[in-house]
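The values are calculated or read from the model by the stated rules, or taken from the named source; none is laboratory data. Predicted model, so just to flag it, every value in this text is computed and none were measured. Ligands, DNA and RNA are stripped out before the accessible areas are found, and what is left, the full protein with its side chains, is counted by its heavy atoms. Shrake-Rupley method; radii C 1.70, N 1.55, O 1.52, S 1.80 Å.
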Amino acid sequence: MDDGTEMIARRTLIAGAAGMLAVANAPWAMAKLPKSGVKGLIAGASDGALDKLAEPGAFYRDTAVRILLPGAGGKLASKLFGMGDQLGLTTNLTKSLNDAGGKAAGEAKPIFRTAIDDLRWTDAPGLVAKNDGATRYLQQSAGSVLFTKVSPLIGSALGDVGAYRQLDQLSQGSPLLASAGLTRDGLTRSVTEQALKGIFHYMAGEEAALRRNPAGLLKGIF
């Protein structure tokens, strides 16, 4: 590409980005946001949420999204563990579950992007009425698909961080753990559900922030 062509291409990109920003800043912006604009909005929210939750310890530090053992927020499991819980074994396992959630979040961007691309945003009720409207629509419309796609990531992560091994060791002392959902399959299902809930929670916050500051959508263009 010669200098003249490159200059024209750059000016075109800048003009398009400036137009996008101008539309996003208008009072009626979200009410008339085009299909591609909605996808850009929620893709940015998705990337931001996943990046934050992929940081080491992010899931565990935030009690709003902390992943707990199955069974009434882990209380039933802790009771069944008995002395093991007093020795801090379930705390270690819980931290491993959250590590697995973070590891999966770091690998989930392509899955979320595909789900976003596959949605028909023009059919979304309430999409523009709420600050987290696009996130809610994604959760309602693609939640089951995302669960199916993210679950293997969670399973692999649970193995990598040693959660399955810890569970197997603790289960030897309490045959009732299966009744609390503390099997490998039950643990994978529970952690996947909680991880997705946490991701959507963060996405809602990211979406609201982008609606307040549409300039954030332009990050990474230049």
Checklist entry - For the range 134-148, what does the Karplus curve 6.51 cos²θ - 1.76 cosθ + 1.60, with θ = phi - 60°, yield as ³J(HN,Hα) per residue in whole Hz, taken in order and with x for Gly and Pro? => result 5, 5, 4, 5, 4, 4, 6, 8, 10, x, 5, 5, 4, 4, 4
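What length, rounded to one decimal in nm, is gained on full extension from residue 91 through to residue 117, with 0.36 nm per residue of separation minus their alpha-carbon distance? If you can, show how the numbers build up before the last one.
Details: separation 26, 0.36 × 26 = 9.36 nm, distance 3.86 nm.
Roughly 5.5 nm would be gained on extension.
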Item to check | Residue-span extension gain [residue 213 to residue 183] - 0.36 nm each, minus C-alpha spacing | outcome: 6.4 nm
Checklist entry - How big is the accessible area of residue 65 in square angstrom, nearest 10, if you roll a 1.4 angstrom probe over the protein chains? => result 10
Checklist entry - Under a 1.4 angstrom probe, counting protein chains only, how are 114, 188 ranked by accessible area, largest first? => result 114, 188
